[in-house]
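A short write-up of the structure that comes next.
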Amino acid sequence: MIEEQITEVDKCNSKNARPPLSTDIIFEINDLKKYYPVTAGFFRKNVGYVKALEGVSVTINRGETLGVVGESGCGKTTFGKTMMMLQRPTAGKLLFHFPEGIQDLTALGGKDLMPFRKRVQMIFQDPYSALNPSKKVFDAFDEPLLVHGHRDPKERKEKIVKSLEMVNLKADYMYRYPHEFSGGQRQRICIARALCIGPEMVICDEPVSALDVSVQAQVLNLMKDLQKELGLTYVFIAHDLSVVQYMSDKIMVMYLGRIVEMADSSLLYDSPLHPYTQALLSAVPVPSIDAKRKRIILQGDVPSPINEPSGCPFHPRCRNAVEICKNTQPELKLAAKDSNHWVACHLASSTNYE
């Protein structure tokens, strides 16, 4: 299993020890919303909205990894793409902390976003579609370097060589086509491409989900080494909760476009408070014969974001739901005084993880 392989690789790799985290903020997301219009009929009349993100707020510090988890359709990928301004948000603020000051990205567009794009890059889920099959690897690196002001061809080539070697690939690989590489090698190329212009932050949209399990641990350890070496900040989006636990300092659990729970990694895994988080964690395999965990089976599917249920969006599937859950939307609040554990549940104080 992936968690066992990670443990074994990590035991042999002392460089994975994490330095103390910074309290210096790099990104603030305030009340972020993203709606997609739904049209119908001959005249394509607007009949509603898909609410992919509904009031997401989170602060990210330099050097930390924010893990984002949830079922398919909960808004994880939309969150990452909206942070990157690949999709313009419907409402809310994206405050990026530049050296010269704080800038709301939602007020920018076109070339005004170039300084941000140089500082924040994205690694996509599928390494097979992320690289143009008709162009050599060299072109995948050379064009972004040229766009970001590196005019000297010799300097660009040196940066490409350095980037490839950084992810343990040979320099002459730049003259090959994507189809000549395995899935793991392609993802390493995508990681190198994201890092070649020297970003401060990388948004990783399920970067290992398309890889063989035998390769996943190697890529994850590589990403941790690069984070320590380059002082990177990660937003790590994934389905695999064992991977998220290994990579993340802080974890944000999303459901139907909302944050339902957020806490430091160890705190959330040891003491989950939201019934949805408890159900997700109950499905994580335990790498021990003697250890047993009670499985919580969720009934039904994620409700449609076009027609959300009233009250708490999770109440139709919650085993603890009471009347207030059906009528009142819970706010994301601190679970206890002097804690950094946020939860959106009316019954958070009375639910226990088994």
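Per-residue ellipticity at 222 nm for the chain, helices alone: DSSP H runs ≥ 4 residues times -39500 (n - 2.57), over residue total, nearest 500 deg cm²/dmol?
On the way: 11 runs with 106 residues, N = 354.
Calculated from helices alone, the mean residue ellipticity at 222 nm is -8500 deg cm²/dmol.
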- request: Quickly work out the residue 143-to-residue 24 label distance, labels modelled 7 Å from Cα along the C-beta direction, and quote it in nm with one decimal.
  value: 3.3 nm
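Going by average Cβ neighbours within 10 Å, how do the peptides 271-277, 172-178, 26-32 rank, with the highest at the top? Could you put the intermediate results ahead of the total?
Numbers: 271-277: 24.4, 172-178: 15.9, 26-32: 19.0.
In descending order of packing, they fall as 271-277, 26-32, 172-178.
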- prompt: For residue 59 and residue 111, what does the FRET efficiency come to when R0 = 25 Å and r is the distance between their Cβ atoms, rounded to the nearest 0.05?
  reply: 0.35
- request: Show me 114-125, 313-324 ranked by packing, highest mean number of other Cβ atoms within 10 Å first.
  value: 114-125, 313-324
- line: Per the rule of 0.36 nm per residue minus the C-alpha distance, extending residue 172 to residue 44 adds in nm 40.9 nm
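Among 81/326; 111/157; 34/159; 294/326; 33/250; 76/228, which pairs are too far apart, with a Cα-Cα distance over 28 Å?
Numbers: 81/326 32 Å; 111/157 25 Å; 34/159 36 Å; 294/326 26 Å; 33/250 21 Å; 76/228 25 Å.
From the list (81/326; 111/157; 34/159; 294/326; 33/250; 76/228), the Cα-Cα distance tops 28 Å for 81/326; 34/159.
Which helices of the chain meet both criteria: a Cα extent of 15 Å or more along the helical axis and a mean Kyte-Doolittle score no lower than -1.0, with helices taken as whole DSSP H segments? Write out the running numbers ahead of the final one.
Details: long enough: 137-147 (16 Å, 1.03); 153-166 (20 Å, -1.33); 183-195 (18 Å, -0.18); 213-230 (26 Å, 0.11).
Flagged H segments are 137-147, 183-195, 213-230.
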message: Among [x] 24.3; [y] 21.7; [z] 20.8, only one was calculated for this model; which label is it, if the read-out is Kirkwood radius over Cα pairs in Å?
response: [y]
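Suppose the chain between residue 294 and residue 225 were pulled fully straight at 0.36 nm per residue; how much longer would it get relative to their current alpha carbon spacing? Each step should come with its number before you reach the end.
Numbers: separation 69, 0.36 × 69 = 24.84 nm, distance 3.48 nm.
Full extension of this stretch gives 21.4 nm more.
Taken together, the values in this text are just the output of simple stated rules run on the coordinates, not laboratory data. In this text, all values refer to a predicted model and were calculated from it rather than measured experimentally. A quick note on method: Cβ atoms are made from the backbone with ideal geometry, for glycine too, and the neighbour counts reach across all protein chains shown.
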